[in-house]
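Notes for the one structure printed next.
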Amino acid sequence: MENFKEGAFIYILASGVVLFVIVQSLFFLIKSWKHGKEIGLTSKKMTETVTASAVFTIAPAISIVATVIALTKALGIVLPWIRLSVIGNIAYETTAAEAALEAFGKTTAQTVTDIKDFSAVMWVMTVGSMLPLILVPIFLKKIQSKVGSATAKNAKWADTMAAAAFIGLIAAFIAKAIAGSGKEDIRGDGAGVLSVVTLLTSIIFMLILETLCKKFKLKWFEPFAMPLSMICGMCVAVILAEALPPDIAFLEWRG
Amino acid sequence: MKSYFDRVHVWGRIWTVSALCVIICVPLLFCIHYNSWPPFSGVIKGILAVIPLYWASAVVEVLSYAPLLGAGGTYLSFVTGNITNLKLPCSIAAMDSAEVRPNTEEGEVITTIAVATSSIVTTVIIALGVLVFRPFLHFVTDDSSVFAPAFQQVLPAIFGAIGASYFMKHWKISFVPIIIGVLVLVFVPTLQIGILILITIVASLVGAQIMYKKGIA
């Protein structure tokens, strides 16, 4: 039997998914760009958004590729690629694959060789992740018209609340970097020296870059301050992991 | 003529339903092509194991992210995925640097542009990673690689950088959610991030509401 995990057919399926995602993104990009011009946003501002978002995306996207690679042993490279290109999420995809394989008495550490097991994993990962695609078309308009009418009533209150919602989201990840635990058998995924130092480094770099931008009126540089601070934080993690003794660098107080 | 938001919802619904068909086609066509159908009971068992985790967080995600991502951004994000670790921080950063507010037409346009760009770049990078750089990737992504710590710390790096400018601007309302988040984790260190986000967002909204009423925030 041909290699079903990495054969021509599954590559064709993957290309279809990738093409769909890109066409949909282009559709929304073009529509919003046109509307941006109608409401008076400058091309310069919108181009800045495109450049900054693209730069911002590079490092997290590489960590997604790492997740694809991590699942390759069990599932081949194409299925994880499909899953992480559409709806996928680095946190859930591995868990879903693990749960699906468990139902057949296997784990992601083993290579899946039976085509029936493989297609079962496909179904489980697909059905497990599709709920948002049902909820969003039904409820999004209602949710947003509620938010919209609240915003129209009291703009200052709505601004504070929007900021509070962002901060609430950010706070969850800050808290996790300070006090969350990782998986027992994985080194470096829980709160510890590296996560706190990375967090502080990217905060400090961001504050320095923002101050420099304001002081020297470097308006063009502002969109890059965030991605650059993020990459600086990641670089410091690499340097510390190399420079410090491992039992200090990889100290995780919550496991 | 319909408003821009109404049109976005029409497009968004059509694209989302199409996306649903596309993702179902993947396992369906695979099984038809190889004429190999998995045992029904096994699939159900697997689905039942995954659903509590996925579906609960799906409801939380739709409710908490939709107001922050804008209409176009939400439709697009939920199809292309990787929202918490990528699309959401990306659109927050874009609104911040373009100085536009969420839930305005300007905010809507900027978030949609940010999410669309991010989706295209992600899809291209994953595809390149898989097709072109696969032989070399293990140098970067292996657990033993010197770069491994960088990718393990992506989330603290992202949210530190985003947090910095928000905390500076709104430091008064920032204490409550961070302290609550840390306290919750002290007692339940393995809490799923999806649930933690819900707790800290609610704590943050309640705290900000009280401070707003008292005229502090």
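Each reported figure results from applying straightforward, stated rules to the coordinates on display, with no laboratory input. From a predicted model like this one, the values you see are computed outputs, not experimental measurements. Positions of Cβ are generated from backbone atoms using ideal geometry, with glycine treated the same way; all protein chains shown enter the neighbour counts.
Some observations on this one:
- Listed residues A:ALA96, A:ALA61, A:LEU140: farthest to the positive end of the dipole of the stretch A:38-152 (Cβ charges): A:LEU140
- Normalising the Debye intensity of the stretch A:180-255 to I(0), with uniform scatterers on Cα atoms only, and taking log10 at q = 0.13, 0.26, 0.28 Å⁻¹ returns -0.47, -1.09, -1.18.
- Among A:ALA163, A:ALA100, A:ALA120: highest mean-square fluctuation, GNM of chain A, C-alpha pairs under 10 Å: A:ALA163
- Largest mean-square fluctuation among A:ALA14, A:ALA241, A:ALA162, in a Gaussian network model of chain A whose springs join Cα atoms under 10 Å apart, belongs to A:ALA162.
- Annotation for the stretch A:191-255: trypsin sites (Lys or Arg not before Pro) lying in DSSP loop with at most 14 further Cβ atoms inside 10 Å of their Cβ are A:LYS217.
- Chain A, relative contact order in percent, only Cα pairs under 8 angstrom and at least six apart counted: 17 percent
- Distance from the C-alpha centroid of the stretch A:34-87 to that of the stretch B:28-95: 16 Å, rounded to the whole angstrom.
- With 10 Å bins from 0: P(r) over the stretch A:114-238, alpha-carbon pairs, percent: 10, 20, 25, 30, 12, 2, 0
- Here the stretch A:101-124 and the stretch A:126-154 have alpha carbon centers that stand 34 Å from each other.
- Expressed in Å, the radius of gyration and Dmax of the Cα atoms of the stretch A:159-213 are 14.1, 43.
- 10 °C / 1.306 mPa s Stokes-Einstein diffusion coefficient of chain A, Kirkwood radius on C-alpha pairs, µm²/s: 72 µm²/s
- Residue with peak Gaussian network fluctuation, chain A [Cα springs, cutoff 10 Å], from A:MET161, A:MET46, A:MET230: A:MET161
- Size of charge dipole - the protein assembly as shown - debye, nearest 20, with Cβ of Lys, Arg +1 and Asp, Glu -1, no other charges: 1600 debye
- For the peptide B:3-12, the mean number of other protein chain Cβ atoms found within 10 angstrom of a residue's Cβ is 4.
- Long-range Cα-Cα pairs in the stretch A:1-129 (distance over 19 Å), rounded percent: 57 percent
- Across the protein assembly as shown, the fraction of Cα-Cα pairs farther apart than 44 Å, rounded to a whole number, is 9%.
- The stretch B:83-217, relative contact order in percent, only Cα pairs under 8 angstrom and at least six apart counted: 18 percent
- Computed per residue of chain B from DSSP H runs no shorter than four, each worth -39500 (n - 2.57), the mean residue ellipticity at 222 nm is -27500 deg cm²/dmol.
- For the stretch B:27-169, the Kirkwood estimate of hydrodynamic radius, built from reciprocal distances between every pair of different alpha carbons, is 18.1 Å.
- Convex hull volume of the stretch B:20-69 per residue (C-alpha atoms, cubic angstrom): 82 Å³
- From least to most packed, judged by other beta carbons within 10 angstrom and beginning with the fewest, B:ILE51, B:ILE158, A:ILE58 follow the order A:ILE58, B:ILE51, B:ILE158.
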